[in-house]
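Q: I am attaching a structure below and will ask some questions about it afterwards.
The values are calculated or read from the model by the stated rules, or taken from the named source; none is laboratory data. Treat the numbers as computed from the prediction; the structure is a model and nothing was measured. A quick note on method: Cβ atoms are made from the backbone with ideal geometry, for glycine too, and the neighbour counts reach across all protein chains shown. Please note that ligands, DNA and RNA were not included when accessible areas were found on the heavy atoms of the full protein model with its side chains. Shrake-Rupley method; radii C 1.70, N 1.55, O 1.52, S 1.80 Å.
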Amino acid sequence: MKNMTLERITEVCGGVYYGSEADKKKEIAGAVIDSRQVESGYLFIAVKGEKVDGHQFIPQVFEKGALAVLSEQELSEPAGPYIRVESTLGAMKKLAAYYRRSLDIKVVGITGSVGKTSTKEMIASVLSQKYNVLKTEGNFNNEIGLPLTIFKIREQHEVAVLEMGISEFGEMHRLAEMAYPDICVITNIGLCHLENLLTRDGILKAKTESFEHLTPEGTAVLNGDDDKLSTKKEVNGKPVIFYGVGADSAFDIKKDIYATDIENHGLEGMCAKIHTPQGDFDAKIPIPGEHNVYNALAGTAVGLQLGLSIREIAQGIASVQTIAGRTNLLHVKGMTVIDDCYNANPVSMKASIDVLAHTSGRRIEVLCDMGELGAEEKELHRSIGKAVAASGIDALFCAGTLAEEYASEAKANPECEVHYKKTREEMTEELLAYVKEGDTVLVKASHFMEFPKVVEALTKE
């Protein structure tokens, strides 16, 4: 890792170095907190977690070839050099911020209440048509995951697409300080993490903390159809780039990039004409759901900012792929199972219902409780039940404490079969007895409810 000698690391983290002067001049090859991921020349950051203390693995990581260890403890006769710091997590964040600033690379930072990961995948797909791109993998978007992602950047990478997820005030300051983005994308201001952020205005304030950490020439790319984001017409003295559906705006803004002629082809995806200052093009979006039009628009805006041609952007949109837990299509036992059970909130729940409504066969929605919604949680769950009733889908299966609110409202449509159980296990048993060939089953859930087990049961041969 360029510029990351043990001497420099000690200086950046304000630590104390123990080891030979010769080793002090060596550069680390990588940095991890998981001892299983240690390779020759790596820095192992010993983090004390809720269940496991990384310090106990220090002897093993030296055996695996670690160059050095970052430790909060004084080590007795270590097999290699180490740097002692007050907090390894704090030191890791300082290192990530330093390392990012030492690199000649463009960084795209993505946040928002809904759609961060799918937008990240779209932007990375677009930029990969021209650049060597590193992107956030999995859910590595918090104060531990983001620095570990930054540590994966190497000299061959030309752009990093980094997802930033928060749940409280001040967290975005800490994330964006590490990411130091050239482009900041915000997908929307929805109803997430209301327990800490309280209102949508609170969410707006927390998400836009990122603006204070843009590079001097940095640009904000915002969803102009969001009533909260549309109030941010200028960021750090520069005009915002707005995107949205339709040329006209309900707010006092001009959309720089917008979509018209949207066609919903169900599970085959979406088509739209995208209009830009550099010209228009027909976009084929191979992922179902109208919300993916917004992802394509964000990808277009970022692509244009980083010098891609219209043709390259269109190719990138057409090449995007889903990942596990994100509208991932599984064809098994004559059924189509849509795995969308990584996370859930009121906006993404309603989007999933819309996706299912545009499919064929018997349409079955599988839902669980949503978390972190604060005082309005029951009302917000009832709104999802109303959306199910209005959608025309054939059946709802749901489980959890609050999921009973879905069921009570969905029953307003007598043509929708509603199945509610307290536990996931009871619901799964009833669901397995119900499904048959030709069905389309969409499983939408928050990760804390462990609904991937429902997908596993449905797809088990």
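Q: Given (1) farther than 19 Å from Glu456 by Cα; (2) of a type in the set (D, E, K, R); (3) free of Cβ contacts under 8 Å to residues at least 12 places away in the same chain, where does Glu429 come up short, assuming only one miss?
A: Failing condition for Glu429: (1).
Q: Filter the stretch 215-227 for residues that are over 26 Å from Val293 (Cα atoms) and open to solvent by less than 20 Å² (accessible area, probe 1.4 Å) and give the result.
A: Listed by number, the list holds a single entry, Thr215.
Q: Something else: Gly145 fails exactly one of the following numbered conditions: (1) open to solvent by less than 20 Å² (accessible area, probe 1.4 Å); (2) over 16 Å from Ile105 (Cα atoms); (3) in contact (Cβ under 8 Å) with a residue 24 or more places away in the chain. What is the number of that condition?
A: (3) is the only condition that Gly145 fails.
Q: Sort through Gly138, Gly165, Gly80 and tell me the only one that's in contact (Cβ under 8 Å) with a residue 60 or more places away in the chain and outside any helix (DSSP H, G or I).
A: Gly80
Q: If I filter the stretch 192-214 for residues that are assigned to a strand (DSSP E or B) and modelled with pLDDT of 95 or more, do I get at least one hit?
A: no
Q: Among the candidates Val126, Val114, single out the residue that is aliphatic (A, V, I, L, M), modelled with pLDDT under 95 and buried (at least 21 other Cβ atoms within 10 Å of the Cβ).
A: Of the residues listed, the single one that is aliphatic (A, V, I, L, M), modelled with pLDDT under 95 and buried (at least 21 other Cβ atoms within 10 Å of the Cβ) is Val114.
Q: Tell me whether the stretch 154-161 contains one or more residues that are crowded, with 21+ Cβ neighbours inside 10 Å, assigned to a helix (DSSP H, G or I) and touching a strand residue (DSSP E or B) at 6+ places or on another chain (Cβ under 7 Å).
A: No: zero hits.
Q: Can you name the residue in the stretch 369-384 that is open to solvent by 20 Å² or more (accessible area, probe 1.4 Å) and outside any helix (DSSP H, G or I) and, of all such residues, is nearest to Thr440 (Cα to Cα)?
A: Only one residue tops the list, namely Gly371.
Q: Cβ-Cβ distance below 6 Å, separation of 6 or more or different chains: which pairs start in the stretch 432-454 with a residue that is closer than 16 Å to Cys368 by Cα and at pLDDT 90 or above and end on one that is among the charged types (D, E, K, R) and open to solvent by less than 10 Å² (accessible area, probe 1.4 Å)?
A: Leu442/Glu365
Q: What single numbered condition from (1) surrounded by fewer than 18 Cβ atoms within 10 Å (Cβ to Cβ); (2) closer than 16 Å to Asp339 by Cα; (3) in contact with a helix residue (DSSP H, G or I) (Cβ under 9 Å, 6 or more places away or on another chain); (4) touching a residue at least 60 places away in the same chain (Cβ under 8 Å) fails to hold for Val366?
A: That leaves (1) as the condition not met.
Q: Could you say which residue among Thr276, Thr260, Thr300 is within 19 Å of Ile110 (Cβ to Cβ), in contact with a strand residue (DSSP E or B) (Cβ under 9 Å, 6 or more places away or on another chain) and β-branched (Val, Ile, Thr)?
A: Thr300
Q: Tell me which strands (runs of 3 or more DSSP E) are completely within the stretch 1-57 and hold 1 or more residues being open to solvent by less than 40 Å² (accessible area, probe 1.4 Å) and within 17 Å of Ala79 (Cβ to Cβ), or say none if there are none.
A: In the stretch 1-57, 16-18, 42-45 are the strands (runs of 3 or more DSSP E) which contain 1 or more residues that are open to solvent by less than 40 Å² (accessible area, probe 1.4 Å) and within 17 Å of Ala79 (Cβ to Cβ).
Q: Quick one: is His358 under 24 Å from Ala457 (Cα atoms), open to solvent by 50 Å² or more (accessible area, probe 1.4 Å) and not hydrophobic (A, V, I, L, M, F, W, C)?
A: So His358 fails the test.
Q: Within the stretch 59-66, can one find any residue that is part of a loop (DSSP other than H, G, I, E, B), closer than 21 Å to Met178 by Cβ and either in contact with a Phe, Trp or Tyr (Cβ under 8 Å, 6 or more places away or on another chain) or at pLDDT 95 or above (or both)?
A: no
Q: Now, a different point. Could you check Gly138 against (1) closer than 21 Å to Leu308 by Cα; (2) small (Gly, Ala, Ser); (3) surrounded by fewer than 21 Cβ atoms within 10 Å (Cβ to Cβ) and say which number it fails?
A: (1)
Q: Out of the stretch 83-113, which residues are touching a residue at least 24 places away in the same chain (Cβ under 8 Å), under 30 Å from Gly371 (Cβ atoms) and part of a loop (DSSP other than H, G, I, E, B)?
A: Answer for the stretch 83-113, where residues must be touching a residue at least 24 places away in the same chain (Cβ under 8 Å), under 30 Å from Gly371 (Cβ atoms) and part of a loop (DSSP other than H, G, I, E, B): Gly112, Ser113.
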